[in-house]
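Worksheet: one structure, shown below.
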Amino acid sequence: MKRLLAGLALALAFSLTLARDASAETVAQTASKWGLIGSWALDCSLAPDKGKGAVLAYEVAPGGRVVHRRNFGDVKDENQVVGAAVSSNGMLNLRVSFPGLKETREYGMMKQPDGTIRAMYNRNAKEEYTIKDGNFTSNGNPSPAQHKCK
């Protein structure tokens, strides 16, 4: 009986170690594995423009940091992705620090069957949403699909 309990305890400890190591992925590993790294736009053939669509890029920077670059044509910025996790439904949940806006935003991206991605939610720390359940809170329109640019 003691051997059985000792074996179970050892197996449990090993399982917990594996689970801890599996959940200890870095932001870069999580974003890369999910397929986020690269540039995304509503239409990759158009130049970045605030009115017609920004180019959003997620890149692994030196030191393993993930940066989120936004290019609106006349305005560009770079912000750090400070958290990334994948939900059981496959949604990539990101936390991005925007020092220029003095806030950290959280948003969730879902892959679509055609390879595009859509924002399913976007909120600030006060849980004020700009996108909720895949729709803009301002007008109820669905968030647009973003295509991965070459």
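The values are calculated or read from the model by the stated rules, or taken from the named source; none is laboratory data. A quick note: this is a predicted structure, and the numbers were derived from the prediction, not measured. Keep in mind that these areas ignore ligands, DNA and RNA; they rest on the heavy atoms of the full protein, side chains included. Shrake-Rupley method; radii C 1.70, N 1.55, O 1.52, S 1.80 Å.
Okay, here's what the table says:
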quantity	calculated
Alpha carbon Rg of region 93-150, scaled by the compact-globule rule 2.2 N^0.38 Å	1.18
Heavy-atom SASA rank of F136, F98 (probe 1.4 Å, accessible area, largest first)	F136, F98
Largest-first ordering by accessible area, 1.4 Å probe, given options C44, C149	C44, C149
T116 accessible area, assembled protein chains, probe 1.4 Å, Å²	10 Å²
Solvent accessible area, Å² - S32, 1.4 Å probe, full protein context	60 Å²
Pairwise centroid distance, computed over Cα atoms, of region 32-65 with region 71-135, Å	12 Å
Area of M91 that stays accessible when all protein chains are in place (1.4 Å probe, Å², to 10)	30 Å²
Cross-link partners of K126 among lysines (Cα-Cα below 21 Å; sequence separation of 8 or more within a chain)	K102
Set of aspartates and glutamates with alpha-carbon distance to K148 below 16 Å, sequence-local pairs under 8 removed	D43, E59, D114
